[in-house]
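What follows draws every value from the coordinates through simple rules; no lab data is involved. Fair warning: this is a prediction, and the values are worked out from it, not measured in the lab. Don't worry about glycine lacking a Cβ; one is built from the backbone with ideal geometry, like all the others, and counts go over all protein chains shown.
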Ligand SMILES: [Ca+2]
Ligand SMILES: [Ca+2]
Ligand SMILES: [Ca+2]
Ligand SMILES: [Ca+2]
């Protein structure tokens, strides 16, 4: 059994290579909730810009909960391997909540697989940091930069009562009113909008652009080819 929970070993007799993945949070004040990364067929996507979010991505983007995304990958014949980082990756140079600003793990991939990942921007209504279907390097290392996207499933109120309470512990400052839950239904975007580049923190509620905002890219992802299995 491969790390991170994988399924069937060597699909169609394709060679499987082990890759080391390092994700670095480049922001000054925007923690990432647990990121899920995967190696899979180019015929499926965790998310796509311009398409509607899946139910699993909606839950991830609004609550930070990666498990519905994990469930879509488990046992999926088009998925060679996946990894749930399982903990936040906090802002660069910080250890808020006792967490790191970097995560490193491995994935197994065939030469035909693509890499993707997604995780909630923890101090947003429905923002994710993500990469959609990108080729693995055949050898050596490849550096990718991850951007922020709006899942299109929650209005960007930026009010603490609409944001997950861990935002206060994981972020640069405690938000007014926390802990006060995380409203979803009353701020649902209806109809849902396509996933788009995130407009950023605008400062209309309890968030402050200079503290919680970011310049793109949000994360650096280094993929290093290792041994052939
Ligand atoms: Ca939104
Ligand atoms: Ca919410
Ligand atoms: Ca809250
Ligand atoms: Ca929603």
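Residues 70, 36 in ascending order of nearby Cβ atoms (within 10 Å, fewest first): 70, 36. When all alpha carbon pairs of the range 96-162 are counted in 5 Å bins from zero, the resulting P(r) reads 3, 13, 19, 20, 16, 14, 9, 5, 2, 0 %. In plain terms, the C-alpha convex hull of the range 6-97 casts an average shadow of 7.2 nm² when viewed from every direction. As an equivalent ellipsoid, the range 46-111 spans semi-axes of 24, 18, 11 angstrom, where each value is the square root of five times an eigenvalue of the C-alpha gyration tensor, largest first.
Based on Cα contacts under 8 Å between residues 6+ apart, the chain shows a relative contact order of 30 percent.
Which one of 42, 180, 190 has the biggest mean-square fluctuation once the chain is modelled by GNM with Cα springs under 10 Å? Ranking 42, 180, 190 by mean-square fluctuation puts 190 first. Dividing the convex hull volume of the alpha carbon atoms of the chain by its residue count, what do you get in Å³ per residue? For the chain, the hull spanned by Cα atoms encloses 110 Å³ per residue. As a proxy for reagent exposure, 17, 67, 117 were ordered by neighbouring Cβ count within 10 angstrom, fewest first; the result is 67, 17, 117. Each of 41, 160 has some number of other Cβ atoms within 10 Å of its Cβ, and from fewest to most they run 41, 160. When shorter helices are ignored and each DSSP H run of at least 4 residues is given -39500 (n - 2.57), the per-residue value for the chain at 222 nm works out to -2500 deg cm²/dmol. If the chain linking residue 211 and residue 228 were pulled fully straight, counting 0.36 nm for each residue of separation and taking away their Cα-Cα distance, it would gain 1.8 nm. Shape descriptor for the range 121-203: Rg over Rh equals 1.08 (Cα atoms; Rh from the Kirkwood inverse mean 1/r).
Taking 0.36 nm per residue of separation and subtracting the current Cα-Cα distance, fully stretching the chain between residue 193 and residue 135 would add 18.1 nm.
Of the residues 133, 156, 76, the one that moves most in a GNM of the chain with alpha-carbon contacts below 10 Å is 76. When the Gaussian network model of the chain links Cα atoms closer than 10 Å, the mean-square fluctuations of 29, 148, 98 top out at 98.
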